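Worksheet for the structure shown next.
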Amino acid sequence: MGKGLLFSQMEPPAGWEADFHDWYETEHIPPRMAIPGFRSASRYEAIEGEPRYLACYFLDDMGALELPEYQRLKREPGERTSRMLAAVNGFTRYLCDQISDTGDTGQAAGALFVVAFAVPGAAAARFDDWYESEHVPMLMQADGWLRVRRFATGPGSEGPPWTRFALHELRDRKVMDAPEREGARATPRRAQLSAEPWFSPNGRWLYSPIHTAHAISQNGG
């Protein structure tokens, strides 16, 4: 299996924020970062859109989700994990295979713009070609548009029927107003796609980063 993403949104009940953050940082993420195949986990808070919180687990190998270590975490959650997941609102969980990546620029992203589409199978090739050959290159011309990673959702996902995710890393939220973005949204190819009924009911979220954790070395090095 190749690279991928475990994408999960949720929002704790009012008054649970401190416990929610502590649970995520000290109990939920660390054991996953010790599993071979998990590269990093990044947490975000919504600037626009809901649920309020997003966690992205980036995997070098989606086969990590089949390993006994991960299956044990899913099968035997601790008391705190069970209590937290039973209480949160707006829970989503998507298992996604990576389609493309413009590459890490080494610059810190101050914002993450996430777009999700429910693309019918018959339109997937046209949609992917537009996004890859026109939309992403035009966006990447904007100063501060740092990176774009695209993903296709797979079996086992929970939430609205999104089939494509794009994660856009931005230097800051002001980059959303770049003229290059306006140009990318005004092309004939995009107009053709946007006229189709599945295009407009998409998901859009703008996040600010909270924290990133990295994989724990498997060899002690």
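Of note:
- Restricting G103, G90, G49 to residues that are at pLDDT 95 or above and under 29 Å from P13 (Cβ atoms) narrows the list to G90.
- Cβ-Cβ under 7 Å pairs, at least 6 apart or on other chains, segment 179-192 side closer than 11 Å to W130 by Cα, far side assigned to a helix (DSSP H, G or I) and of a type in the set (D, E): T187/E134; R189/E134
- Here D128 clears all of (1) open to solvent by 50 Å² or more (accessible area, probe 1.4 Å); (2) more than 22 Å from A109 (Cβ to Cβ) except the condition numbered (1).
- Whenever a residue of segment 124-145 is in contact (Cβ under 8 Å) with a residue 12 or more places away in the chain, its partners that are acidic (D, E), lying with C-beta atoms within less than 7 angstrom and at least six residues away or across chains, give the pairs M138/E180; L139/E180; Q141/E180; A142/E180; G144/D172.
Here is a yes/no grid of residues against (1) modelled with pLDDT of 95 or more; (2) out of contact with any Gly (no Cβ under 8 Å at 6 or more places or on another chain); (3) open to solvent by 50 Å² or more (accessible area, probe 1.4 Å):
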residue	(1), (2), (3)
S194	yes, yes, no
R204	yes, no, yes
A213	yes, yes, no
G220	no, yes, yes
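- Lone qualifier among R80, R93 - being open to solvent by 10 Å² or more (accessible area, probe 1.4 Å) and touching a helix residue (DSSP H, G or I) at 6+ places or on another chain (Cβ under 8 Å): R80
- Enumerated helices (runs of 4 or more DSSP H) restricted to segment 107-207, each holding at least 1 residues that are among the acidic types (D, E): 124-130, 179-184
- Wholly within segment 1-83, helices (runs of 4 or more DSSP H) carrying at least 1 residues that are within 27 Å of R173 (Cα to Cα) and either out of contact with any Asp or Glu (no Cβ under 7 Å at 6 or more places or on another chain) or touching a residue at least 24 places away in the same chain (Cβ under 8 Å) (or both): 17-23, 29-33
- Of the criteria (1) within 22 Å of T153 (Cα to Cα); (2) open to solvent by 20 Å² or more (accessible area, probe 1.4 Å); (3) among the aliphatic types (A, V, I, L, M), which one L65 fails: (2)
- Residue tally, condition within 17 Å of the chain's Cα centre (by Cα) and over 23 Å from W162 (Cα atoms), over segment 3-27: 1
- Close pairs from segment 95-114: first closer than 13 Å to M140 by Cα, partner among the aliphatic types (A, V, I, L, M) and part of a loop (DSSP other than H, G, I, E, B), Cβ under 7 Å, at least 6 apart: T102/M140
- For A142: the one exception among (1) more than 18 Å from P201 (Cβ to Cβ); (2) small (G, A, S); (3) crowded, with 17+ Cβ neighbours inside 10 Å; (4) under 18 Å from the mean Cα position of the chain (by Cα): (4)
- One residue from A123, A178, A191 being in contact with a strand residue (DSSP E or B) (Cβ under 9 Å, 6 or more places away or on another chain) and more than 19 Å from G4 (Cα to Cα): A178
- Within segment 149-174, the residues that satisfy the criterion of being within 17 Å of G49 (Cβ to Cβ) and open to solvent by less than 20 Å² (accessible area, probe 1.4 Å) are F165, A166, L167, H168, L170.
The values are calculated or read from the model by the stated rules, or taken from the named source; none is laboratory data. Since we're looking at a predicted model, the values are computed, not measured. When we count neighbours, we look across all protein chains shown, and the Cβ atoms used for this are built from the backbone with ideal geometry, even at glycine. With ligands, DNA and RNA removed, areas are computed over all heavy atoms of the protein, side chains included. Shrake-Rupley method; radii C 1.70, N 1.55, O 1.52, S 1.80 Å.
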